[in-house]
Amino acid sequence: MSDLFDRVVLPVADPDDAAATCEALSDYEVGAVLAVHVIEKAGGAPDKASVDQREEYADEIFAVVEDRLADSVTVETRVAFGTDVPETIFDVADEYDATAIVITPRGGSRWIRLLTGDVALSLVTENDRPVVVLPDVGPPADGREGTADGDEGEDGGPGDE
């Protein structure tokens with residue numbers, strides 16, 4: 001096994017993202033995985049959904065990760081809270097002593113990424129450890145196709161109304 005994949009932090013945003021990332025990661029020999037779902041806090045503004053709703057959604061995401069990886073690798077899960085998603089992921093990686101953060105490309109239109117910021121870009125450009133971007137190995141698990149502008153729609157998580 002490569003030292004790079006010894007202790008991997010796997011940020012997962014939704015069940016489709018978890019399935020795609022686990023599928024891509026399954027081609028590699030990995031020591032241990034910490035799947036992390038960041039619940040973005042509004043920084044003083046009201047949150048879109050209750051913490052309980054978001055934690056239940058995280059459990060759905062983690063079930064996908066455990067279903068896909070638990071037979072081949074040690075899997076831990078963690079819900080993290082923060083106002084800055086990339087910074088929160090870096091903090092978790094530090095606490096876990098991760099050898100790498102592993103992601104796959106995520107959909108979304110250029111407009112959405114411009115308006116909301118691109119977590120993947122921040123992960124790749126503002127890091128202190130390797131960030132491995134694995135190729136997306138197929139369409140989302142639910143079979144949806146993106147629209148002409150590349151927007152694959154909402155993730156269906158709590159608060160996305």
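What follows is calculated from the coordinates using simple rules that are stated; it is not laboratory data. All of these numbers come straight from a predicted model, not from anything done at the bench. Glycine also receives a Cβ, built like all others from the backbone with ideal geometry; neighbour counts cover every protein chain displayed.
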Collect the residues in the range 94-103 that are in contact with a strand residue (DSSP E or B) (Cβ under 7 Å, 6 or more places away or on another chain) and part of a helix (DSSP H, G or I), keeping them in residue-number order. TYR96
Taking only the range 15-48 into account, find how many residues are in contact with a helix residue (DSSP H, G or I) (Cβ under 8 Å, 6 or more places away or on another chain) and of a type in the set (A, V, I, L, M, F, W, C). 11
Go through (1) touching a strand residue (DSSP E or B) at 6+ places or on another chain (Cβ under 7 Å); (2) surrounded by fewer than 22 Cβ atoms within 10 Å (Cβ to Cβ); (3) within 15 Å of TYR96 (Cα to Cα) for VAL73 and report which single condition fails. (3)
What's the total number of residues in the range 45-70 that are touching a Ser or Thr at 6+ places or on another chain (Cβ under 9 Å) and either over 16 Å from ILE103 (Cβ atoms) or in contact (Cβ under 8 Å) with a residue 60 or more places away in the chain (or both)? 4
